[in-house]
Amino acid sequence: MLWRIALLIFGFILFFLGQWVAFEIYSFNKLRRIDENISAFIYGLQTRESSIKIPNPSENIFLIFTKEEKLITSDNVLTKPLNTRTFSYAQYSKNGVRVYAYTKRVEIGEYLATFFENPLAFGISLSGLVVFVMGLALISLGAKTSPETSQESLQQKEDLINKLKALRISLAMDKVIPKESLEEAKKIVDSIIKKYSE
């Protein structure tokens, strides 16, 4: 029974190990795209552009309002409409300059796409799921067969006790065997009955 539970736990650990590998890959790639955007935007500020092209426009939106109310943005603000509700944002203002940075939230769809596209993560999770299901099936089969087995063993035990009781009665009535050996036989039978009656 213990090895079945160990199989279940091992499958569970493998499944979540695959999920963890996929999430690490997803988060690494997402952070790399965000870093590329920040780097490109900072470089664009040095060149004094008002609309700065960023390499991954779906990941970030940047807005700067200068003291003179000049607007400097990433180019995705002007080229295509973005749903800002899917972004998290932060703002900072000092000495009349306001800066807004929007970053796309983590999405389960993007994560699942990374998970299914990565054979290592998908393989580890799938094998963990298979091992987990096998453990569940074996525990379920063990639970189904154990009551029947215990019922059979109870029946065998009861039959043995009944036969031994019958043997004791027959030995007690037999006058052929000398009295000492008859008493010894009774003691042996009594010990067997006592052992199986517990």
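The values are calculated or read from the model by the stated rules, or taken from the named source; none is laboratory data. Because the structure is a prediction, the values reported are computed rather than measured. Cβ: placed from backbone, ideal geometry, glycine included. Neighbour counts: every protein chain shown.
Kindly establish whether Phe41 is touching a residue at least 12 places away in the same chain (Cβ under 8 Å) and among the aromatic types (Phe, Trp, Tyr). It would help to see each step written out before you state the result.
Working: touching a residue at least 12 places away in the same chain (Cβ under 8 Å): yes; among the aromatic types (Phe, Trp, Tyr): yes.
So Phe41 passes the test.
Yes or no, residue by residue, for (1) assigned to a loop (DSSP other than H, G, I, E, B); (2) modelled with pLDDT under 90; (3) under 38 Å from the mean Cα position of the chain (by Cα):
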| site | (1), (2), (3) |
| --- | --- |
| Arg32 | no, no, yes |
| Gly44 | no, no, no |
| Glu49 | yes, yes, no |
| Glu69 | yes, yes, no |
Picking from Ile54, Ile25, the residue that is touching a residue at least 12 places away in the same chain (Cβ under 8 Å), among the β-branched types (Val, Ile, Thr) and in a helix (DSSP H, G or I) would be Ile25
Given (1) farther than 30 Å from Ala22 by Cα; (2) loosely packed, with under 12 Cβ neighbours inside 10 Å; (3) at pLDDT 85 or above, identify the lone condition not met by Glu152.
(3)
Scanning the range 11-51 for residues that are loosely packed, with under 15 Cβ neighbours inside 10 Å and among the aromatic types (Phe, Trp, Tyr), the one farthest from Thr73 (Cα to Cα) turns out to be Phe16
Of the listed residues (Leu112, Leu136, Leu82), the one being at pLDDT below 85 and under 30 Å from Asp35 (Cα atoms) is Leu82
Ile64 being at pLDDT below 85, among the β-branched types (Val, Ile, Thr) and surrounded by 12 or more Cβ atoms within 10 Å (Cβ to Cβ)
no
Selection within the range 93-111 - within 27 Å of Phe122 (Cα to Cα) and surrounded by 12 or more Cβ atoms within 10 Å (Cβ to Cβ):
Lys104, Val106, Glu107, Glu110, Tyr111
Please determine whether any residue of the range 118-127 is at pLDDT below 85, surrounded by fewer than 11 Cβ atoms within 10 Å (Cβ to Cβ) and closer than 18 Å to Asn29 by Cα.
yes
Against the condition part of a helix (DSSP H, G or I), in contact (Cβ under 8 Å) with a residue 12 or more places away in the chain and of a type in the set (D, E, K, R), how does Glu36 come out, does it pass?
yes
Residues to consider are Arg4, Arg33; find the one that is touching a helix residue (DSSP H, G or I) at 6+ places or on another chain (Cβ under 7 Å) and among the basic types (Lys, Arg).
Arg4
